[in-house]
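Asker: Okay, here's the structure, questions in a sec.
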Amino acid sequence: MQRKIEIVTHEAINSQKNGSLYNIYVGDLAQTWSAWFGAFAKKQIVVICDENTAKFCLPVFLQKTALKDYTLIISEAGELHKNIHTCNIIWSKMLEMGIDRQAICINLGGGVIGDMGGFCAATFKRGIDFVQVPTTLLSQVDSSIGGKLGIDFQGVKNSIGVFNDPKAVFLDSDFLATLSPREIRSGFAEMIKHALIADRNEWKKLCQLESLNAIDWADFIVPSLAVKRQIVEDDPFEKGIRKALNFGHTIGHAVESYFLETESPLLHGEAIAIGMICEAYLSFKNNDLTEVELAEIVAFMKCFYDKKILPSESFDTLINSMKQDKKNENQAINFTFLSGIGQAKINQTTDNECIINSLVYYNEIN
Ligand SMILES: NC(=O)c1ccc[n+]([C@@H]2O[C@H](COP(=O)([O-])OP(=O)(O)OC[C@H]3O[C@@H](n4cnc5c(N)ncnc54)[C@H](O)[C@@H]3O)[C@@H](O)[C@H]2O)c1
Ligand SMILES: [Zn+2]
């Protein structure tokens, strides 16, 4: 089957796209869900939430979908719980409740629940169906599509996991109303990334934003999602162009892992924002991002993200962590650079000295 993923807005809900691998339904869940769910209504249903989405999102979800008969599994919230212990709890509860191979699992939450709930579903009894109902900005524009599922292991992010596609994804921006400004900023980093790697016009639109308060996210979600959708359709298993999505993530993941072990962990997007500045610097030093474009990127990031000094004694740890990156080949750290705003260049390498210079460059931004 051709690997098409359709974005279906609720205006187009009745023209179901049946030839696609799965659909991403955008709009009010009250309209999108009922058009889709009929075929699954007789199956066992598992809903996986974390403690926050159980409180803030589950009531909205139940009210919009009128779902009644389901097994609810609630995990502790946050990246620290995206691990094998929580999977153990989820799988145990599924076994205890007699969940069968025909069941469908609904992952209601941010990227942690989407990745981990999806991983548990994809492995339980060799795999049950699942749908993603992302509730953070980050998960709506990024993690809920593309089929990457998994957990952190031994302090290494997403080091255990599988590729597996959901049956459908439901994006309803109403869920974003209860997110903290910090979480909104974290998701916004992935939107910035999508614009920087593939959509110069969207970058210009983002540059006009002065604050992230009172934004109608529905206007920004579809263009951002469209970048990811196109890339994962073209390269589902990250053999080539999908690596573009890792812009900012080679350094960003190392920074995220480092601060995860400290008193003041960073959110994923906050770490990626740092990674994007460092990797934009590397793009300028190693490729053809101009100094003006680098300055434009840095100035924009400064408006939204607080500075977090990277201690010089962390540099070795950061480089070692980058060496663990799954994209690496032949022991060289693999980067995606920008060859201009809106254009990515994959499979780039540089030397350790240059990487350290990029960390110093970040630290020295006023
Ligand atoms: N699979 C992929 O392709 C992919 C891509 C990018 C990121 N990720 C992963 O996504 C994760 C980060 O996702 P995230 O930022 O959504 O984190 P998250 O799932 O931890 O959610 C952030 C916080 O917001 C809370 N929350 C979620 N929805 C809420 C709502 N509507 N109202 C109030 N609180 C809410 C959560 O309980 C949590 O405390 C990371 O683990 C990262 O590795 C995966
Ligand atoms: Zn990311």
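The values are calculated or read from the model by the stated rules, or taken from the named source; none is laboratory data. If you're wondering where the values come from, they're calculated on a predicted model, not measured in any experiment. Note that each Cβ is placed from the backbone with ideal geometry, even for glycine, and that neighbours are counted across all protein chains shown. When the accessible area is computed, the model is the full protein with side chains, heavy atoms only, and any ligands, DNA or RNA have been set aside. Shrake-Rupley method; radii C 1.70, N 1.55, O 1.52, S 1.80 Å.
Asker: In region 76-103, how many are modelled with pLDDT of 95 or more, crowded, with 16+ Cβ neighbours inside 10 Å and touching a Lys or Arg at 6+ places or on another chain (Cβ under 9 Å)?
Answerer: Residues that pass the stated criteria total 4.
Asker: Something else now. Provide a single number: the residues in region 196-207 that are within 15 Å of Val298 (Cα to Cα) and of a type outside the set (A, V, I, L, M).
Answerer: Residues in region 196-207 being within 15 Å of Val298 (Cα to Cα) and of a type outside the set (A, V, I, L, M): 3 in total.
Asker: Going by what's in this entry, would Ala168 be described as of a type outside the set (Asp, Glu), more than 17 Å from the chain's Cα centre (by Cα) and more than 21 Å from Cys87 (Cβ to Cβ)? Break it down stepwise before answering.
Answerer: Working: of a type outside the set (Asp, Glu): yes; more than 17 Å from the chain's Cα centre (by Cα): no; more than 21 Å from Cys87 (Cβ to Cβ): yes.
The answer is no for Ala168.
Asker: Answer yes if at least one residue in region 167-175 is surrounded by 22 or more Cβ atoms within 10 Å (Cβ to Cβ), more than 26 Å from Cys278 (Cα to Cα) and charged (D, E, K, R), and no otherwise.
Answerer: Yes; the residues of region 167-175 include at least one that is surrounded by 22 or more Cβ atoms within 10 Å (Cβ to Cβ), more than 26 Å from Cys278 (Cα to Cα) and charged (D, E, K, R).
Asker: Got at least one residue in region 120-132 being more than 27 Å from Val60 (Cα to Cα), open to solvent by 10 Å² or more (accessible area, probe 1.4 Å) and in a strand (DSSP E or B)?
Answerer: There is no residue in region 120-132 that is more than 27 Å from Val60 (Cα to Cα), open to solvent by 10 Å² or more (accessible area, probe 1.4 Å) and in a strand (DSSP E or B).
Asker: Sticking with this structure for a sec: Looking at the structure I just gave you, is Ile356 open to solvent by 80 Å² or more (accessible area, probe 1.4 Å), closer than 21 Å to Glu261 by Cα and of a type in the set (A, V, I, L, M)?
Answerer: On the way: open to solvent by 80 Å² or more (accessible area, probe 1.4 Å): no; closer than 21 Å to Glu261 by Cα: yes; of a type in the set (A, V, I, L, M): yes.
Here the answer is no, as Ile356 does not meet what is asked.
Asker: Scan region 296-314 and tell me whether some residue there is surrounded by 19 or more Cβ atoms within 10 Å (Cβ to Cβ), out of contact with any strand residue (DSSP E or B) (no Cβ under 8 Å at 6 or more places or on another chain), outside any helix (DSSP H, G or I) and touching a residue at least 60 places away in the same chain (Cβ under 8 Å).
Answerer: Checked region 296-314: at least one residue is surrounded by 19 or more Cβ atoms within 10 Å (Cβ to Cβ), out of contact with any strand residue (DSSP E or B) (no Cβ under 8 Å at 6 or more places or on another chain), outside any helix (DSSP H, G or I) and touching a residue at least 60 places away in the same chain (Cβ under 8 Å).
Asker: Any idea how many residues of region 234-286 are outside any helix (DSSP H, G or I), within 15 Å of ligand 1 (Cβ to nearest atom) and open to solvent by 10 Å² or more (accessible area, probe 1.4 Å)? Please lay out each step first, then the result.
Answerer: First pass over region 234-286, keeping only residues outside any helix (DSSP H, G or I): 235-240, 247-248, 261-267.
From what is left, the residues that are within 15 Å of ligand 1 (Cβ to nearest atom) are 235-238, 247-248, 265-267.
Within this subset, residues satisfying the condition of being open to solvent by 10 Å² or more (accessible area, probe 1.4 Å) are 235-238, 265-267.
Counting residues in region 234-286 that are outside any helix (DSSP H, G or I), within 15 Å of ligand 1 (Cβ to nearest atom) and open to solvent by 10 Å² or more (accessible area, probe 1.4 Å) gives 7.
Asker: Further question: Is it the case that region 130-150 has a residue that's on the phi < 0 side of the Ramachandran plot and over 15 Å from the mean Cα position of the chain (by Cα)? Working first, answer last.
Answerer: Taking region 130-150 first, the residues on the phi < 0 side of the Ramachandran plot are 130-145, 148-149.
Then keep just the ones that are over 15 Å from the mean Cα position of the chain (by Cα); that gives 130-131.
There is at least one residue in region 130-150 that is on the phi < 0 side of the Ramachandran plot and over 15 Å from the mean Cα position of the chain (by Cα).
Asker: Another question, if that's okay. Within the set of pairs 6+ apart or on separate chains, which have a first residue in region 113-130 that is under 14 Å from Ile99 (Cα atoms), a second that is of a type in the set (Phe, Trp, Tyr) and crowded, with 19+ Cβ neighbours inside 10 Å, and C-beta atoms under 8 Å apart?
Answerer: Ala121/Phe130; Ala122/Phe130
Asker: Across region 218-230, which residue is surrounded by the most Cβ atoms within 10 Å (Cβ to Cβ) among those that are within 16 Å of ligand 2 (Cβ to nearest atom) and touching a residue at least 60 places away in the same chain (Cβ under 8 Å)?
Answerer: In the first step, residues of region 218-230 are kept if they are within 16 Å of ligand 2 (Cβ to nearest atom); the result is 221, 224-225, 227-229.
Narrowing the set further to residues that are touching a residue at least 60 places away in the same chain (Cβ under 8 Å) leaves 221, 224-225, 228-229.
On the way: Ile221: 20, Ser224: 26, Leu225: 23, Lys228: 24, Arg229: 19.
Step by step, filter region 218-230, then rank; the result is Ser224.
Asker: Starting from region 180-195, take each residue that is in contact (Cβ under 8 Å) with a residue 24 or more places away in the chain and over 17 Å from Lys302 (Cβ atoms) and list its partners that are among the charged types (D, E, K, R) and within 11 Å of ligand 2 (Cβ to nearest atom), counting only C-beta distances under 7 angstrom and pairs at least six apart or across chains.
Answerer: Close Cβ pairs (under 7 Å, with a partner that is among the charged types (D, E, K, R) and within 11 Å of ligand 2 (Cβ to nearest atom)) amount to Glu190/Asp142; His194/Lys228.
Asker: I'm trying to understand the selection: among the residues of region 133-155, which are within 16 Å of ligand 2 (Cβ to nearest atom) and open to solvent by 50 Å² or more (accessible area, probe 1.4 Å)? If you could, list the steps in order and put the result at the bottom.
Answerer: Of region 133-155, the ones within 16 Å of ligand 2 (Cβ to nearest atom) are 134, 136-152.
Within region 133-155, Lys148 is the sole residue that qualifies.
Asker: Kindly indicate whether any position in region 200-211 is within 16 Å of ligand 2 (Cβ to nearest atom) and in contact with a Gly (Cβ under 8 Å, 6 or more places away or on another chain).
Answerer: no
Asker: Hey, another quick one. Test each condition in (1) more than 12 Å from ligand 1 (Cβ to nearest atom); (2) closer than 27 Å to Tyr25 by Cβ; (3) surrounded by fewer than 23 Cβ atoms within 10 Å (Cβ to Cβ); (4) among the polar types (S, T, N, Q) for Ser180 and report the one that comes out false.
Answerer: (1) is the only condition that Ser180 fails.
Asker: Same structure, new question: Just one of Ile215, Ile160 is away from ligand 2 (no atom under 16 Å from the Cβ), in a strand (DSSP E or B) and surrounded by fewer than 19 Cβ atoms within 10 Å (Cβ to Cβ); which is it?
Answerer: Details: Ile215 fails: in a strand (DSSP E or B).
Unique residue meeting the criteria: Ile160.
Asker: For region 144-164, give me each residue that is within 21 Å of Pro223 (Cα to Cα) and either of a type outside the set (D, E, K, R) or in contact (Cβ under 8 Å) with a residue 40 or more places away in the chain (or both). Break it down into steps so the answer makes sense when it comes.
Answerer: From region 144-164, those within 21 Å of Pro223 (Cα to Cα) are 144-148; that's our starting set.
Listed by number, the residues that qualify are Ser144, Ile145, Gly146, Gly147.
Asker: What number of residues within region 183-216 satisfy the criterion of being away from ligand 1 (no atom under 15 Å from the Cβ) and among the hydroxyl-bearing types (Ser, Thr, Tyr)?
Answerer: Residues that pass the stated criteria total 1.
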